1. Restricting attention to segment 106-129, report how many residues are in contact with a strand residue (DSSP E or B) (Cβ under 8 Å, 6 or more places away or on another chain) and among the polar types (S, T, N, Q).
2. Filter segment 101-135 down to residues that are open to solvent by 70 Å² or more (accessible area, probe 1.4 Å), assigned to a loop (DSSP other than H, G, I, E, B) and within 26 Å of SER148 (Cα to Cα), then give me how many there are.
3. In the list GLU98, GLU150, GLU80, which residue meets the criterion of being surrounded by fewer than 14 Cβ atoms within 10 Å (Cβ to Cβ), out of contact with any Asp or Glu (no Cβ under 8 Å at 6 or more places or on another chain), in a helix (DSSP H, G or I) and of a type outside the set (Ser, Thr, Tyr)?
4. On the basis of being open to solvent by less than 70 Å² (accessible area, probe 1.4 Å), in contact (Cβ under 8 Å) with a residue 24 or more places away in the chain and not aromatic (Phe, Trp, Tyr), does HIS67 make the cut?
5. Can you tell me which residue in segment 40-64 is least open to solvent (accessible area, probe 1.4 Å), limited to those that are at pLDDT 90 or above, under 12 Å from PRO131 (Cβ atoms) and not charged (D, E, K, R)?
6. Applying the selection to segment 136-147, what residues are of a type in the set (A, V, I, L, M) and either assigned to a strand (DSSP E or B) or touching a Leu at 6+ places or on another chain (Cβ under 7 Å) (or both)?
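The values are calculated or read from the model by the stated rules, or taken from the named source; none is laboratory data. Just so it is clear, the model here is predicted, and its values are computed rather than measured. So basically every Cβ, Gly included, is an ideal-geometry build from the backbone, and we count neighbours across all protein chains shown. Note: areas computed on protein heavy atoms with side chains; ligands, DNA, RNA excluded. Shrake-Rupley method; radii C 1.70, N 1.55, O 1.52, S 1.80 Å.
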Amino acid sequence: GQGSGIGDGNGFGKGIGAGYGTGNKGPMHGLSHLAKAQIPQVLAFEKKIVIEGKIDIELLRKLLREHLPQFKHCYQQELEKKETLKGVVDLFFTINQEGQVSKVNIDAKEASFSDHGISCMTTVLKIINFPKPKGGGMVHVRQPLNFSYENAKI
């Protein structure tokens, strides 16, 4: 018989290596291959941010929130390898005079992300175009990010 599929192809792949598209994949939305499907949750990106330097903190938070789907994609890949992974990851990064992330250090001790997961989050940070720091100079940011999941009801 003939079949037709619908997929909107909205990819969040901006340089992460694996595109993250959404489409109509049936009631399980592509998670049916996992025995216990986890639905990734990325919480936080809020209150505990620490910034040294002159930059609009609200705009910085807004840009980080806009990239939550990419951070969630990194986490989803980690969950497929280690299905009980959760916890807080500290993102330490430096924004240079041009508004680009020039240095990244991710402390994932509590959540123990793999090298691939850390590399994925580093790539997400580096694709964000932050505003240029006021008066030039560098901005140093520490942003905790809390990863958790819900078990899908199968």
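1. 2
2. Looking only at that region, the number is 2.
3. Details: GLU98 fails: in a helix (DSSP H, G or I); GLU150 fails: in a helix (DSSP H, G or I).
Of the residues listed, the single one that is surrounded by fewer than 14 Cβ atoms within 10 Å (Cβ to Cβ), out of contact with any Asp or Glu (no Cβ under 8 Å at 6 or more places or on another chain), in a helix (DSSP H, G or I) and of a type outside the set (Ser, Thr, Tyr) is GLU80.
4. yes
5. Top of the filtered list is LEU60.
6. VAL139, VAL141, LEU145, listed by residue number.
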